[in-house]
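Take a look at the structure set out below.
The values are calculated or read from the model by the stated rules, or taken from the named source; none is laboratory data. Predicted, not measured: the structure shown is a model, and the values here were computed from it. Glycine gets a Cβ as well: all are built from the backbone with ideal geometry, and neighbour counts include every protein chain shown. Quick note on the areas: whole protein, heavy atoms, side chains included, nothing else; ligands and nucleic acids left out. Shrake-Rupley method; radii C 1.70, N 1.55, O 1.52, S 1.80 Å.
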Protein chains: 2
Amino acid sequence: MNFLYQALEQQLTKQIESGQLPLGSRLPSVRSLCKEQSLSKSTVLTAYARLEAAGLVNARPKSGYFVCYQPQSAVVKHRAEQAQPPAFINQDALLLDIMDQSSAFDICPGQTEPSCNEPLRRCLGRAARRQKGADQHYYNEPSGLLGLRKQLQRRCADGGSRVTEDQLVVTGGCQHSLLLALMAVTRPGDTVAVESPGFYGVLQLLESLGLKAVEIPSLVDTGLSPDALLMALQNWSISALVVMPAYATPTGACMTDQNRQRLVNIVAQYDLPVIEDDIYGDLTFALQRPRTLHSYAQDQGFDGVMLCSSISKSLSRDLRIGWIVPGRYLAEVKKLKLVTMLAGSHMSQLGLQMYMEEGSYERHIRHYRQQLVQQCAQLQQLIRQLFPDTVTYSQPRGGLVLWLELPEHIDTLALYNQARQFGISITPGQLFSSQDRYQNCLRLSFAQPWNEPRIAALKTLAGLVIEWTEPN
Amino acid sequence: MNFLYQALEQQLTKQIESGQLPLGSRLPSVRSLCKEQSLSKSTVLTAYARLEAAGLVNARPKSGYFVCYQPQSAVVKHRAEQAQPPAFINQDALLLDIMDQSSAFDICPGQTEPSCNEPLRRCLGRAARRQKGADQHYYNEPSGLLGLRKQLQRRCADGGSRVTEDQLVVTGGCQHSLLLALMAVTRPGDTVAVESPGFYGVLQLLESLGLKAVEIPSLVDTGLSPDALLMALQNWSISALVVMPAYATPTGACMTDQNRQRLVNIVAQYDLPVIEDDIYGDLTFALQRPRTLHSYAQDQGFDGVMLCSSISKSLSRDLRIGWIVPGRYLAEVKKLKLVTMLAGSHMSQLGLQMYMEEGSYERHIRHYRQQLVQQCAQLQQLIRQLFPDTVTYSQPRGGLVLWLELPEHIDTLALYNQARQFGISITPGQLFSSQDRYQNCLRLSFAQPWNEPRIAALKTLAGLVIEWTEPN
């Protein structure tokens, strides 16, 4: 064995033939492998080309190399596979790990029981008692429960969008809304413009639907840059834009009114379908929530903006209720809702409808907003106290999260794995890009109160960062 | 009008909607209104909260309540748009129409209230009362509620499949399971083998995912022909097979044990991923339900069969709970569940878990099976009595449906539109193929008891068929 590429080839062949790299899995990116194993790019490319020639992997343009070989030796269950991996090397595993701990919005999940929304519980109990035979025997109507749609219509009105009940479709959450919206306006192979840094759920959706992403810079304070989008539109063929104009994850950024107007002018001119993720819109720190892009588009008669939202961030992640106002794509979205999940639950929808009708949602949001203002300020103060001065953070005016930028040499994916040993959960920056960016950034949430365990967790995290920062 | 707050709410609503209290004006303070109208503080606060929920007023902290509604004289409701279209010319519109009437399994939907499953309602009520803060604040674990997965494991065992809790993923229903399974094993442009006639939901999924269908003949009694599949595999490159071996829709066909074994031999030889739709498996007329393809495949060490099912047909369409046992595609399916809907509802899963734990599901199924045996026999007798001799029908031994074949010149899509005028709902044969087949066939369901309105509906339908059959 003389050449480095042969060693690499042999190593990967073994992993594929043993099933360790199963059929359909993606090989490490060329760049990451170069870094990890200190190899040159041509060494890795040679090894990959040989694996391809041997029929073990397939190259897919702009996506990477995928295993296309299935070990014939009968299907053994590898126990080792089920053990917790010591470190997370790809986004899928990382995301699954975060979701497994239910920890995307809590720095130390499971330590304390969050307070329960009693009025919501009562409404759900009432809805359960009102279940009828028809609910059990028939599917709920394709657009969702009419009474709930009427309430959601008012949520839209709060953002300035004028929507009738029959222009709105209830979904199984905002992620489901995004799926329907993307399926409605793209075909596999299309390119979609997304924010960078931007929501990982969208990146994962694009990958699963065979779509390409072009990442448009999103600023920490004012969000998506309309000018950058314009430049992208002038240079590439783009099928849709996914954007979170209000309190975007992971930065908490909020687009200015001027930028919203300018963005709508641009997309209307290019007739570009826009998927507006408004999931954090209700969680403003101000007296009035920002107007939706959808409402700006309505003002100038452009019906290509699809408004997506849910109550998962503002009220309950458990109800699995979101909605979409698909504009000109209404028929297609209704069909896709049927195709992907047939219908929603009458009981859950009725519970939410009653909760909204009695004014409890408004009351809850008002209270929650005040709580979030405080919790955000507390987090910022704690960061100033505990973290080195070299750490900067964003200044959200709504939402649940802020964005921490650490010194460049700190790898927050490694930090994630370190923190995890202490039961501490952070969201590393790499999750928010498909292009190995933001390695020194991380997202923190202020969705939960800063009680003792959470403050202690933040201290431990700060300690880890300081260890990285200071020479031993 | 029972409550004081309702009278007050109505009075103020009128004043706002008439413009008497214009946009921006302030409502009387709570204290002054209490005094003026001799009301309690809580009555006034309740009324104000409901006005706020209705989007008519805004509460501003420490300032009071302000009108935020502008009466719109310009909002015209187009009645014509809401009128029912006269006829359905494509599958999408047809399917949407059927779902709109909640009528895929009831010949005269909405005539009578079906009986309600009280024990299920009780379990859901209990689950609602047990909602915790954590359920509202965190997403449910990616694979679904552990206790429910343990129960579902037993459902799988009933079909001969040995499945551990961690090999099973809870989904948002069987249609959602099929979506995940197809996304896991295909890429756009691939060809998938399906049954013909076969479930329209699968055909729609294929179309939405950019997949091609090759239709494999499925016999009215024994279902999918393994020989026809073998021929297809020898001639085309096929990425997956979707098959419903137990009481398939639309015929009610059930594959024989020999055919199951033979089919598994073939797919194992070709290493072909199989998506087994087992949604009707529990609804057998026999003492023991048929063994799953998945269990045959396990016996010979082939882990390419993905077992999909739900309780939508056997218990409740409203819970939106299904599952999938993805075999070798477990990691991919878990990821796709996250990507398409993030998580399921803890409350609904807990309700179903408790219902299954207390043995109610077994009891319900036992009872429902007996009911279905009778209702199927009654339907067959009614067909013999009412329809011309030239009409033939299938002889299902389980499930919810049978398949009617009318004389060749009868177009059941036209018949659908005729019947619809009388409030009668049938499922035309064209829905079950992508190739304009089965124009003279239709699916009837025996899921509901044959009471007077349903017998009358069947008589009317038979009359329409006779009109088509006999010369004027």
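Structure notes:
- Count - residues of the range A:31-68 that are open to solvent by less than 70 Å² (accessible area, probe 1.4 Å) and modelled with pLDDT under 75: 3
- Residue in the range B:448-471 that is touching a His at 6+ places or on another chain (Cβ under 8 Å), part of a helix (DSSP H, G or I), at pLDDT below 95 and surrounded by fewer than 22 Cβ atoms within 10 Å (Cβ to Cβ) present: yes
- Scanning the range B:320-337 for residues being open to solvent by less than 10 Å² (accessible area, probe 1.4 Å) and either assigned to a helix (DSSP H, G or I) or at the interface with another protein chain (Cβ under 7 Å from one of its Cβ atoms) (or both) gives a total of 3.
- Matching entry among B:Gln381, B:Gln430 (being part of a helix (DSSP H, G or I) and touching a helix residue (DSSP H, G or I) at 6+ places or on another chain (Cβ under 7 Å)): B:Gln430
- Against the conditions (1) under 28 Å from A:Phe66 (Cα atoms); (2) surrounded by fewer than 24 Cβ atoms within 10 Å (Cβ to Cβ), B:Thr340 satisfies every one except (2).
- Residues in the range B:161-218 that are closer than 24 Å to A:Asp190 by Cβ and β-branched (Val, Ile, Thr) were compared, and the one that is surrounded by the fewest Cβ atoms within 10 Å (Cβ to Cβ) is B:Thr191.
- Of the criteria (1) farther than 15 Å from B:Cys108 by Cβ; (2) part of a loop (DSSP other than H, G, I, E, B); (3) not aromatic (Phe, Trp, Tyr), which one B:Gly423 fails: (1)
- Conditions (1) in a helix (DSSP H, G or I); (2) open to solvent by 40 Å² or more (accessible area, probe 1.4 Å); (3) touching a Phe, Trp or Tyr at 6+ places or on another chain (Cβ under 8 Å); number of the one not met by B:Leu372: (2)
- The lone criterion from (1) part of a strand (DSSP E or B); (2) at the interface with chain A (Cβ under 9 Å from one of its Cβ atoms) left unmet by B:Val192 is number (2).
- Among (1) open to solvent by 70 Å² or more (accessible area, probe 1.4 Å); (2) within 14 Å of A:Phe66 (Cβ to Cβ) - the single one A:Leu21 does not satisfy: (1)
- Candidate set from the range B:106-127 (those that are within 22 Å of A:Leu319 (Cβ to Cβ) and more than 8 Å from chain A (Cβ to nearest Cβ)); member that is surrounded by the fewest Cβ atoms within 10 Å (Cβ to Cβ): B:Arg126
- Residue in the range A:415-433 that is open to solvent by less than 20 Å² (accessible area, probe 1.4 Å), closer than 22 Å to A:Gln375 by Cα and free of Cβ contacts under 8 Å to residues at least 60 places away in the same chain present: yes
- Filtered residues of the range B:244-281 (kept if farther than 17 Å from B:Gly159 by Cα, hydroxyl-bearing (Ser, Thr, Tyr) and in contact with a Gly (Cβ under 9 Å, 6 or more places away or on another chain)): B:Thr249, B:Thr251
- Test: residue in the range A:296-313 that is β-branched (Val, Ile, Thr), open to solvent by 10 Å² or more (accessible area, probe 1.4 Å) and either farther than 27 Å from A:Leu404 by Cα or in contact with a Lys or Arg (Cβ under 9 Å, 6 or more places away or on another chain) (or both): no
- Qualifying residue in the range A:395-403 (condition: of a type outside the set (D, E, K, R) and in a helix (DSSP H, G or I)): no
- Residues being within 11 Å of another protein chain (Cβ to nearest Cβ) and crowded, with 23+ Cβ neighbours inside 10 Å - total across the range B:351-369: 1
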